[in-house]
There are 2 protein chains.
Amino acid sequence: MTVPPRRPLTLRDVSEASGVSEMTVSRVLRDKGDVSEATRARVKAAAKRLGYVPNRIAGSLASSRVNLVAVVIPSLKNMVFPEVLSGISETLAGTGLQPVVGVTDYLPEREEEVLFEMLSWRPSGVIVAGLEHSEASRAMLVRAGCPVVEIMDTDGDPIDACVGISHRRAGRTMAEAILEQGYRRIGFLGTKMPLDHRARKRFEGFTATLARAGIEIADREFYSGGSALAKGREMTRTLMARSPDLDFLYYSNDMIGAGGVLELAAQGVEVPGRVGLAGFNGVELLDGLPRQLATMDACRREIGQRAAAIVAGRVTDPDLARAATEELTPRLAWGDTLRRR
Amino acid sequence: MTVPPRRPLTLRDVSEASGVSEMTVSRVLRDKGDVSEATRARVKAAAKRLGYVPNRIAGSLASSRVNLVAVVIPSLKNMVFPEVLSGISETLAGTGLQPVVGVTDYLPEREEEVLFEMLSWRPSGVIVAGLEHSEASRAMLVRAGCPVVEIMDTDGDPIDACVGISHRRAGRTMAEAILEQGYRRIGFLGTKMPLDHRARKRFEGFTATLARAGIEIADREFYSGGSALAKGREMTRTLMARSPDLDFLYYSNDMIGAGGVLELAAQGVEVPGRVGLAGFNGVELLDGLPRQLATMDACRREIGQRAAAIVAGRVTDPDLARAATEELTPRLAWGDTLRRR
DNA sequence: CTGAAAGCGCTAACAC
DNA sequence: GTGTTAGCGCTTTCAG
């Protein structure tokens, strides 16, 4: 049996099925303007019976309103950005806005492509990770004609709005805590990613503070690839073998830091008596380790929520204050690998 | 100083700036049709100079082609779906297709809303987690007019294409391994989520296999909320206190299972001699724990990649084979918490 | 409260 | 190779 090749339904179909003009059908379906209860009911019934799904492409073209929000992030391979995205998604859920995700792999040229692609949908807002962009990307964002929220990081010049933490300050705060606890032979374990500006800024804030106290990083170890416990163990082993006199290890993220906790436990090294440890991110799913790693919360979910709220707010009321920077303050979680006095 | 309210640029602007007709400009910008090298260069230069970003809304309406792929998933709060999404995103990256993400929170009614929303963009494909949908959702998917790939799970009737693993079989396989190793007093620790059909199916496959050997789950413990090490520790403590004679603990995911590993280590319980353990998911970031938890890989990234490839393939060639189910085989990772003979 | 006309910015299908 | 003419399916605007 041959089914008539069902082209997608249009307003006209609903109009014919209900005997109401297209225009009025459109009004009912968008809850716009006054329509009598009777017609409203007929239209709704017809739309439902037919299984009509409106065509937003046509709608958006006609109204020049788009319910899409572009979200541009460097990666989905650890929990950081999914958590941000989750915050965005839940905050957007009530507003009728939809996130569209683009992943850049930390590559500026990919960011350019992804932005171009997304802006071609004329989204209602752009949420983009980081303050560092290629000139072309920056130009696109400046001329995007919609709110632009740069997230994660506040150390730099935002194009428009900005929500994040100061990674430089986070590095500084951790360095101060470490020094204050009397550690002096400090090792750093981190990622080999020149394009991860936030990791770089934390490192800069960290070393600058040490320098002010006349101290330099005593040794360091870098890696590439995903952050995982095993990687953290391996790096810790390597570093401690090479520089056995280190009394503190600062990790660029909690996953490898947790690996350090496990490795030192396995080696029977006293923590934090002999060696202190700290990470970064506040990965709560690691609570429950034998020792709780000292860390700093990066406020990921909240950043997502606030960024989404800014976009949603401006969509509702375009006259809202522009270009504000919301700097959140990550709190230091001492855990039990840092404090020794 | 007043800037002229820069309306977004149109093809016409590029046309005027380059002295080439709109149509030819359009051709150049889409790399379609034959255009002389000279005009092509002039158009490209003009577009670049102006910073022209095409309007895909108009383009899609005119061509009835949309480069969006709807991705509908239940959650972003653990690594499972971000990994799938990452697989989708990387496979789509080369194809010009863009993922649009919708999160349902495991609620059928949210799934309905999200699907309606997404289908209104007339996407080139839909990738949706799970085979269980409300009647309305199913109806929408059937009539979507684009490839529909249901992912994660193959136990059920797919609407169109399907990529995943059999969770029932995964539960069965694990049960067989556990029985074969001689365990008999088996406890289950899992999530209290009636709407997580995959967890339910694993549990069903698991208990059915035990039943065939005349064995019942000896005790069980459920929780709600995020999966985390601490939760796993706590549940393990509770369960072992209540039923100290258990000789095996089967966890519904690796995070809580890893908590179990840590808790039993802390209690000095011999693993797997006294108690064996297994989880589910193959969360590689947990490699590095004192003992490697037995688990089964859910093939998350690969599922995402294959689903995206199916969509991309059908977009390129609409006559491609339809409605195939790709069942992947999760491999059992024995780790060192399961084998005792 | 309802309807008719005119586009939104682009591309398909033809002419030239 | 390049230009012209009609729409895509909806919403805006204005008239009744």
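Here is the figure for segment A:207-234: residues that are assigned to a helix (DSSP H, G or I) and away from every other protein chain (no Cβ under 11 Å) total 6. In segment B:300-319, the qualifying residues are those that are modelled with pLDDT of 95 or more and hydrophobic (A, V, I, L, M, F, W, C), and the one that is surrounded by the fewest Cβ atoms within 10 Å (Cβ to Cβ) is B:Ala309. Kindly indicate whether B:Ala70 is within 11 Å of chain A (Cβ to nearest Cβ), assigned to a strand (DSSP E or B), farther than 15 Å from B:Asp196 by Cβ and of a type outside the set (Val, Ile, Thr). Answer is yes for this residue. Considering every residue within segment B:245-259, establish whether at least one is over 28 Å from the mean Cα position of the chain (by Cα), surrounded by fewer than 16 Cβ atoms within 10 Å (Cβ to Cβ) and at negative phi. Yes: segment B:245-259 contains one or more residues that are over 28 Å from the mean Cα position of the chain (by Cα), surrounded by fewer than 16 Cβ atoms within 10 Å (Cβ to Cβ) and at negative phi.
Cβ-Cβ below 9 Å, separation at least six or inter-chain, first residue in segment A:42-63 and farther than 18 Å from B:Ser64 by Cα and within 9 Å of chain B (Cβ to nearest Cβ), second more than 9 Å from DNA strand C (Cβ to nearest atom) and assigned to a helix (DSSP H, G or I): which pairs? Listed by first residue and then by second, the contacts come to A:Gly51/B:Ala136; A:Gly51/B:Ala139; A:Gly51/B:Met140.
Of all the listed residues (B:Arg169, B:Arg122), the sole one being within 11 Å of another protein chain (Cβ to nearest Cβ), in contact (Cβ under 8 Å) with a residue 12 or more places away in the chain and touching a Pro at 6+ places or on another chain (Cβ under 9 Å) is B:Arg122. For residues in segment B:24-40 being among the β-branched types (Val, Ile, Thr) and more than 6 Å from DNA strand D (Cβ to nearest atom), which is surrounded by the fewest Cβ atoms within 10 Å (Cβ to Cβ)? This residue is B:Val28. Would you call B:Leu76 closer than 30 Å to B:Asp153 by Cβ and assigned to a loop (DSSP other than H, G, I, E, B)? Taking the combined requirement at face value, the residue satisfies it. Among residues of segment B:83-98 being modelled with pLDDT of 95 or more and at the interface with chain A (Cβ under 7 Å from one of its Cβ atoms), the one that is nearest to B:Glu150 (Cα to Cα) is B:Leu85. I want to confirm something. Restricting to segment B:131-147 and keeping residues that are farther than 18 Å from B:Arg322 by Cβ and surrounded by fewer than 16 Cβ atoms within 10 Å (Cβ to Cβ), which single residue is farthest from the other protein chains (Cβ to nearest Cβ)? Per the criteria, the residue is B:Ser134. Counting only residues that are of a type in the set (Lys, Arg) and within 8 Å of DNA strand C (Cβ to nearest atom), segment A:1-54 holds 2 of them. If the condition is being away from chain B (no Cβ under 14 Å) and charged (D, E, K, R), then segment A:272-299 contributes A:Arg274, A:Asp297.
Here A:Glu113 fulfils each of the conditions (1) part of a helix (DSSP H, G or I); (2) within 16 Å of DNA strand D (Cβ to nearest atom) apart from (2). Every test in (1) within 24 Å of B:Thr316 (Cα to Cα); (2) more than 8 Å from DNA strand C (Cβ to nearest atom); (3) surrounded by fewer than 15 Cβ atoms within 10 Å (Cβ to Cβ) is passed by B:Ala62 save one, and that test is (2). Out of segment B:275-327, which residues are among the polar types (S, T, N, Q) and within 21 Å of B:Gly130 (Cα to Cα)? Scanning segment B:275-327 gives B:Asn281, B:Gln305, B:Thr325.
The values are calculated or read from the model by the stated rules, or taken from the named source; none is laboratory data. Bear in mind the structure is a predicted one, so any value in this text is a computation, not a measurement. Cβ sites come from the backbone with ideal geometry, for glycine too, and all protein chains shown count toward neighbours.
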